[in-house]
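Asks: Would you mind keeping the following structure in view while I ask a few things?
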Amino acid sequence: MKIIRYTDAFFVDELRRFDRRAEASEAVREVVGDVVKAVRERGDEALIELTKKFDAAELRVRDLRVSQDELQAAWDGVEPRVREALEASHRNVSEFARQSMRKNWSMVNEQGAEVGEVFHPYQRVGLYVPGGTAPLVSTSLMTVAIAAAAGVPEIVVCTPCGKDGTVNPGLLAALKLAGATEVYRVGGSQAIAAMAYGTGTIKPVVKIFGPGNAYVVEAKRQVFGVVSVDLLPGPSEVMVLADKTGNAACIAADLLAQAEHGKDSGVAFITDDEGLLGDVVREMEVQGEKLSRQQMIKSVLEKECVLILVPTLEDGVELVNAYAPEHLSLIAEREEEIMQMVRTAGAIFLGNASPVAVGDFLAGPSHTLPTGGAGKSFPGLTTEMFSRRTSVVRLSKEACAKSEPIVRVFSEIEGLDAHGESVAIRGRVL
Ligand SMILES: NC(=O)c1ccc[n+]([C@@H]2O[C@H](COP(=O)([O-])OP(=O)(O)OC[C@H]3O[C@@H](n4cnc5c(N)ncnc54)[C@H](O)[C@@H]3O)[C@@H](O)[C@H]2O)c1
Ligand SMILES: [Zn+2]
């Protein structure tokens, strides 16, 4: 743990690294570039090779797709209490997604033209569900169920398999419940390339969604243009901003929950209360000892955890906005006022009683959120991202006549007289 106080001589220098931009390292970019090229040029054959190389699994081309029978068997084999938990989360996520759907609308403009927007779900999307270090059952729901709620007909999922070629049955069950229509046991940047360019087995999609490690995120960036992508949701992070009303035990618990995600996780605590800072450090030590993922937690706390004492909460907000945390837990007397000042967080959890883990598994908004500073330019995953918008314009003869003089001015300035004439002709022939 690193503790930084505003009274330290190098305070300002220390904080400079908080101002982040999401960018992959040169090494990751290179590896991913090679992977994308291999899949684009050699399709399934490259997928088999790369799965052997990165996931140590020996697959045949016909094994790549997880069969409907396997998905059904996974769902049938789920224990009742797990099934209930999955269903509870699924109901919240689906309902939240339905509420936030964009609706078709129209208005009449100044010249009397009817203008509006219509939304259609994409026909075929690709969702990445991570599976390298933990089977992210919740991520299946937090992406696939939203695509299903948006009405996407073809929901393709790629997720890595273990050494023995299998995918965690709990994850498959969640995919089945959420409404995945095709599932492939392919992970990493090779999966993203396969969904973007298509292979013999995996037909290409038009948009790619979902979180992953640095390789997955970089691959999404490299295939951008061939497909569109949702956002850049990489390795998870939590920041807590609290004043003296923060409960040290709750704050420490949230920081430790983040640390157990392991390597690359960001954990930060900012407060204007020196007493609380000390209490949180002590709580983390006591609570940390009892947790199972000791190795992960220790390494994150050593390398990726900072606790910062700021003179005022407003200074804290400035740091929050510079860092753009994926999750922000905000505990403050002036909660509403401070929240309104936060402009870059992926999701905000308000008050001592709102654990980030409830947002991870159950609350309703997708837990797929921008990381690594990407929150400055991307919001978290929304239902809207699964629908494509088209604008619609309809003019009556009268609206056309009223538009004509203004169009004429534009067409003269731009030197495009055919444009002007295409409007004027309506007044003569209709
Ligand atoms: N931001 C969010 O909303 C959000 C949500 C859930 C999970 N996550 C994050 O997703 C990440 C999941 O990462 P993960 O690693 O567990 O699973 P993953 O499925 O993203 O990545 C595993 C794959 O990476 C590839 N890979 C591993 N090492 C490689 C190497 N050296 N070169 C090339 N490819 C390599 C392998 O093919 C492997 O299948 C975590 O960091 C987690 O925090 C983020
Ligand atoms: Zn988490």
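Asks: Distance between Cα centroids, segment 1-71 to segment 72-111: provide it in whole Å.
Replies: The distance from the Cα centre of segment 1-71 to that of segment 72-111 comes to 28 Å.
Asks: To the nearest 20 debye, what charge dipole does segment 327-422 have about its Cα centre, counting +1 at the Cβ of each Lys and Arg and -1 at the Cβ of each Asp and Glu?
Replies: Numbers: 9 positive and 12 negative charges, 45 e Å.
Dipole magnitude for segment 327-422 comes out near 220 debye.
Asks: What ranking of R428, R334 emerges when the number of other C-beta atoms within 10 Å of each C-beta is taken as an exposure proxy, fewest first? Provide the component values of the computation, followed by the final result.
Replies: Numbers: R428 6, R334 13.
Arranged by neighbour count, lowest to highest, R428, R334 become R428, R334.
Asks: If you place +1 on the Cβ of every Lys and Arg, -1 on the Cβ of every Asp and Glu, and leave all else neutral, what size is the dipole of the chain about its Cα centre, to the nearest 20 Debye?
Replies: Details: 47 positive and 60 negative charges, 322 e Å.
Computed about the Cα centre, the dipole is about 1540 debye.
Asks: Here's another thing I want to ask about it. Filter K244/K298; K2/K298; K176/K263 down to the pairs with a C-alpha to C-alpha distance above 22 Å, please. Please list the in-between numbers first.
Replies: Working: K244/K298 27 Å; K2/K298 13 Å; K176/K263 30 Å.
Those over the limit are K244/K298; K176/K263.
Asks: Going by a ≥ b ≥ c, the root eigenvalues of the Cα gyration tensor, does segment 230-345 fall in the rounded group (a/c under 1.5), the prolate group (a/b larger than b/c) or the oblate group? Provide the component values of the computation, followed by the final result.
Replies: Details: a/c = 2.15, a/b = 1.22, b/c = 1.76.
Oblate, since a/c reaches 1.5 and b/c is not below a/b.
Asks: For L416 and D34, what is the calculated FRET efficiency with R₀ set at 35 Å and r taken between the beta-carbons, to the nearest 0.05? Walk me through the intermediate numbers first.
Replies: Values: r = 46 Å, r/R0 = 1.32.
About 0.15, to the nearest 0.05.
Asks: How do M385, M296 rank when sorted from fewest to most other Cβ atoms within 10 Å of their own Cβ?
Replies: On the way: M385 22, M296 18.
Taking fewest neighbouring Cβ atoms as first place, the list is M296, M385.
Asks: Just to be sure I understand: with springs between alpha-carbon atoms less than 10 Å apart, which residue in A145, A85, A173 has the highest mean-square fluctuation in the Gaussian network model of the chain?
Replies: The residue that fluctuates most here is A85.
Asks: Sticking with this structure for a sec: Using +1 at the Cβ of each Lys and Arg and -1 at the Cβ of each Asp and Glu in the chain, identify which of G33, V118, I270 lies farthest towards the dipole's positive end.
Replies: Going by the Cα projections, it comes out as V118.
Asks: Per-residue ellipticity at 222 nm for the chain, helices alone: DSSP H runs ≥ 4 residues times -39500 (n - 2.57), over residue total, nearest 500 deg cm²/dmol?
Replies: Numbers: 16 runs with 200 residues, N = 430.
Value at 222 nm, helices only, nearest 500: -14500 deg cm²/dmol.
Asks: Of K103/K203; K163/K303; K37/K220, which ones are farther than 18 Å apart at the Cα?
Replies: Numbers: K103/K203 30 Å; K163/K303 29 Å; K37/K220 13 Å.
Exceeds cut-off: K103/K203; K163/K303.
Asks: I'd like to compare 375-382, 209-216, 280-287: which one has the highest average count of other Cβ atoms within 10 Å, and what's the full order after that?
Replies: Numbers: 375-382: 20.1, 209-216: 25.9, 280-287: 16.8.
Averaged packing, sorted descending, gives the order 209-216, 375-382, 280-287.
Asks: Go through 125-134, 344-353 and give me the packing order, highest mean Cβ count within 10 Å leading. Mind dumping the intermediate values first?
Replies: On the way: 125-134: 24.2, 344-353: 18.5.
Highest mean packing first, the order is 125-134, 344-353.
Asks: Would you mind calculating the relative contact order of the chain from Cα pairs under 8 angstrom and at least 6 residues apart, reporting the percent as a whole number?
Replies: Details: 867 pairs, mean separation 89.9, N = 430.
Relative contact order for the chain comes out at 21 percent.
Asks: Between E87 and R5, what is the FRET efficiency for a Förster distance of 56 Å, r being their Cβ-Cβ separation, to the nearest 0.05?
Replies: Working: r = 47 Å, r/R0 = 0.85.
Step by step, r from the Cβ atoms, then E = 0.75.
Asks: Further, regarding this structure: Determine ³J(HN,Hα), in whole Hz, for all residues of segment 362-369 in sequence, where each value follows from phi through the Karplus function 6.51 cos²θ - 1.76 cosθ + 1.60 and θ = phi - 60°; x replaces Gly and Pro.
Replies: Per residue, the Karplus-derived 3J(HN,Hα) values read 9, 4, x, x, 4, 7, 7, 9 Hz.
Asks: Still on this structure, please answer the following. From the square roots a ≥ b ≥ c of the eigenvalues of the alpha-carbon gyration tensor of segment 347-430, which class results: rounded (a/c under 1.5), prolate (a/b over b/c), or oblate? Write out the running numbers ahead of the final one.
Replies: Working: a/c = 4.90, a/b = 3.33, b/c = 1.47.
Because a/c hits 1.5 or more and a/b exceeds b/c, segment 347-430 counts as prolate.
Asks: State, in angstrom, two size descriptors of the chain derived from its alpha carbons: Rg to one decimal place and Dmax to the nearest whole number.
Replies: 25.1, 84
FYI, it's all coordinate maths here, none of it is from the lab. Here the structure is a predicted model, which means the values were calculated and not measured. So basically every Cβ, Gly included, is an ideal-geometry build from the backbone, and we count neighbours across all protein chains shown.
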